[in-house]
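S.K.: Let me give you the structure first, and then I'll get to my questions.
The values are calculated or read from the model by the stated rules, or taken from the named source; none is laboratory data. Owing to the predicted nature of the structure, the values given are computational and were not obtained by experimental measurement. Glycine also receives a Cβ, built like all others from the backbone with ideal geometry; neighbour counts cover every protein chain displayed. Accessible surface is based on the protein model in full, side chains and every heavy atom, while ligands, DNA and RNA are left aside. Shrake-Rupley method; radii C 1.70, N 1.55, O 1.52, S 1.80 Å.
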Amino acid sequence: MQCPGARASADLERRQVLHQLERQPDGKFLIGGTFTTAGGQPRNRLARYQADGTIDPTFNPDVNGEVFGLALQPDGKILVGGSFNNIRGTARAYLARLKPNAQPIGAYDAPSGRPVHMNPEEALDAFAMLGAQHMVPMHHDTFPLGGEPIHEPAERLVKAAIERQIEHRVR
């Protein structure tokens, strides 16, 4: 049997790039890159292959920009990083957390119309994914962009950092 990772690389059309390959505990492989097809099926920049090397027909997150990084969390959720601002019809900029079925998690849609913001929990996910030592939050408590109370993002960040026991790394 051919390795699903090798199959994924061979399936990519010319001029398409595979940036990341990640093996899941169940033997399936996630791939991320610039491709728009995988295994002969439409798959925009993120796809999953079954352990037998066939494309997973149940996983199609439809990412609208390049995927540079993938990370698996112990609970089975998937962190995706790249130059996108939408996954499966949900606004997500640069970093997204997906359920194993490719559904985006959470929502924090400031009505400013700018797809470059993350919610506080996503910011901590990015912080962890990047392996950073310290986090310096900015652009909070400055002016209201969304419907939430102006202090809510900072309060949520502190609460989430305490829950993850990394509050000493958030400045």
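S.K.: Counting only residues that are more than 19 Å from residue 84 (Cα to Cα) and among the β-branched types (Val, Ile, Thr), which one in the stretch 39-66 is surrounded by the fewest Cβ atoms within 10 Å (Cβ to Cβ)?
M.R.: Only one residue fits best here, namely 58.
S.K.: Can you give me the number of residues within the stretch 46-68 that are in contact with a helix residue (DSSP H, G or I) (Cβ under 7 Å, 6 or more places away or on another chain) and either assigned to a strand (DSSP E or B) or within 24 Å of residue 123 (Cβ to Cβ) (or both)?
M.R.: 1
S.K.: Is it the case that the stretch 93-113 has a residue that's within 27 Å of residue 17 (Cα to Cα), at pLDDT 85 or above and open to solvent by 70 Å² or more (accessible area, probe 1.4 Å)?
M.R.: The answer is yes, given that some residue of the stretch 93-113 is within 27 Å of residue 17 (Cα to Cα), at pLDDT 85 or above and open to solvent by 70 Å² or more (accessible area, probe 1.4 Å).
S.K.: For the stretch 23-38, which residues satisfy the criterion of being in contact with a Phe, Trp or Tyr (Cβ under 9 Å, 6 or more places away or on another chain) and open to solvent by 30 Å² or more (accessible area, probe 1.4 Å)?
M.R.: Residues satisfying the conditions are 23, 28.
S.K.: Could you run through the stretch 72-92 and say how many residues are surrounded by 18 or more Cβ atoms within 10 Å (Cβ to Cβ) and closer than 15 Å to residue 29 by Cβ?
M.R.: 2
S.K.: Among the residues of the stretch 160-168, is any more than 22 Å from residue 39 (Cα to Cα), at pLDDT below 90 and surrounded by fewer than 15 Cβ atoms within 10 Å (Cβ to Cβ)?
M.R.: No - not one qualifying residue is present in the stretch 160-168.
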